[in-house]
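Take a look at the structure below.
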Amino acid sequence: MEFFLTSLLNGLSYGLLLFMLSSGLTLIFSMMGVLNFAHASFYMLGAYFAYQISSAIGFWPALVIAPLVLGLAGALLERYGLRTVHKSGHVAELLFTVGVALLVEEIVPLIWGRMAVKYAIPRELDFTLFSLFSTSFPAYRGFMLLVSVGMMVLLYVVLTRSRIGLIIQAALTHPEMVGALGHNVPRVFMLVFGVGTALAGLAGVIGGNAFVTEPSMAAAVGSIVFVIAVVGGLGSLEGAFIASLVLGIIQTFSVALDYSLSDLFAGSEVALLHDEALRSLFSIRISQMAPMIPYLVMVLMLIFRPQGLMGKRE
């Protein structure tokens with residue numbers, strides 16, 4: 001019971017962090033049709049900016065300033081970069097975002113070095129929130145849960161209850177009509193791109209000190225974010241939320257499970273286990289397979305439900 005509850009809480013906090021990161025990507029794709037390959041780079045920059053700002057004036061100002069700076073940078077990137085290459089088609093947009101990601105990947109080590117930086121958890125949150133049997137649950141994990149849930153609720157309210165949210169939703173399907181009504185659709189696109197990058201930066205701020213802030217952190221989560229987008233359904237925030245929680249919980253549990261198929265057949269005579277290759281395959285432990293499980297889920301989803309959990313078949 002202790003293992004189950006602890007892994008479930010850790011999986012929820014990790015899954016909600018993934019949703020915070022993937023929600024921005026989903027927003028951008030749903031409106032602009034662009035798979036932003038530089039999205040994880042904004043996550044990394046959020047962590048590094050927060051480290052730099054917190055070293056100077058503290059964590060709490062960094063929690064606000066870093067996402068705002070990255071949101072502004074994302075808006076400028078859309079205005080003077082993506083909008084310029086848009087006329088050349090989606091392939092040009094895709095290559096542009098890949099170029100931005102590679103550029104950030106080279107700039108970060110030049111400024112902060114190739115080693116992990118000491119981006120520490122704030123002292124105000126560096127204590128045990130509660131204990132489950134003999135396991136302590138850190139207060140910072142609870143803070144991550146709170147911020148992620150708050151962001152999710154705010155995003156839902158803005159998109160479904162506010163005027164700007166209604167304009168954004170209308171611009172998704174009828175941009176010409178929204179423009180005819182007097183709304184500046186390109187400016188709405190710029191706003192959405194800026195909000196998406198700000199969400200990635202916020203995920204970096206609260207995730208960088210919980211895990212590790214180093215130059216390869218974008219590559220570590222970048223592929224997982226696209227898996228979530230595919231499994232949840234491209235352009236679906238609801239699907240991204242469900243996929244983030246499911247994959248976060250599955251990966252957290254699988255990392256801690258030190259079992260293999262050979263353990264299941266231990267003590268019994270199974271003909272297949274006499275084959276050397278199958279015996280080696282069956283001896284692979286679940287914890288060893290944990291990094292590839294999200295990709296296996298994505299492959300199965302593409303085979304049996306290509307549109308994803310909440311996506312719509314075109």
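The values are calculated or read from the model by the stated rules, or taken from the named source; none is laboratory data. Everything numeric in this text was worked out from a predicted model, so none of it was measured. Here Cβ is always computed from backbone atoms with ideal geometry, including for glycine, and neighbour counts include all displayed protein chains.
Things to note:
- Among the candidates L70, L12, L35, residue that is on the phi < 0 side of the Ramachandran plot, touching a Leu at 6+ places or on another chain (Cβ under 7 Å) and not in a helix (DSSP H, G or I): L35
- Of all residue pairs spaced 6 or more apart or on separate chains, those with beta-carbon atoms under 6 Å, a first member in the range 43-63 that is closer than 17 Å to G113 by Cβ and a second member that is assigned to a helix (DSSP H, G or I) and of a type in the set (F, W, Y) are Y48/W112.
- Set V117, V91, V158, V85: member being part of a helix (DSSP H, G or I), at pLDDT 85 or above and among the hydrophobic types (A, V, I, L, M, F, W, C): V85
- Meets criteria (within 17 Å of G24 (Cβ to Cβ) and surrounded by fewer than 20 Cβ atoms within 10 Å (Cβ to Cβ)) for V91: no
- Taking the conditions (1) assigned to a helix (DSSP H, G or I); (2) in contact with a helix residue (DSSP H, G or I) (Cβ under 6 Å, 6 or more places away or on another chain); (3) within 28 Å of I53 (Cβ to Cβ) in turn, V195 satisfies each one other than (2).
- In the range 50-80, the residues that are crowded, with 16+ Cβ neighbours inside 10 Å and either within 21 Å of V185 (Cα to Cα) or touching a Pro at 6+ places or on another chain (Cβ under 7 Å) (or both): I53, F59, G71, A73, G74, A75, L77, E78, R79
- Matching residues in the range 161-183 - criterion: being hydroxyl-bearing (S, T, Y) and modelled with pLDDT of 80 or more: S162
- Residue that is surrounded by the fewest Cβ atoms within 10 Å (Cβ to Cβ), among those in the range 210-244 that are over 18 Å from L302 (Cβ atoms) and of a type in the set (V, I, T): V212
- Of all residues in the range 136-158, at least one satisfies being touching a residue at least 60 places away in the same chain (Cβ under 8 Å) and over 22 Å from the mean Cα position of the chain (by Cα).
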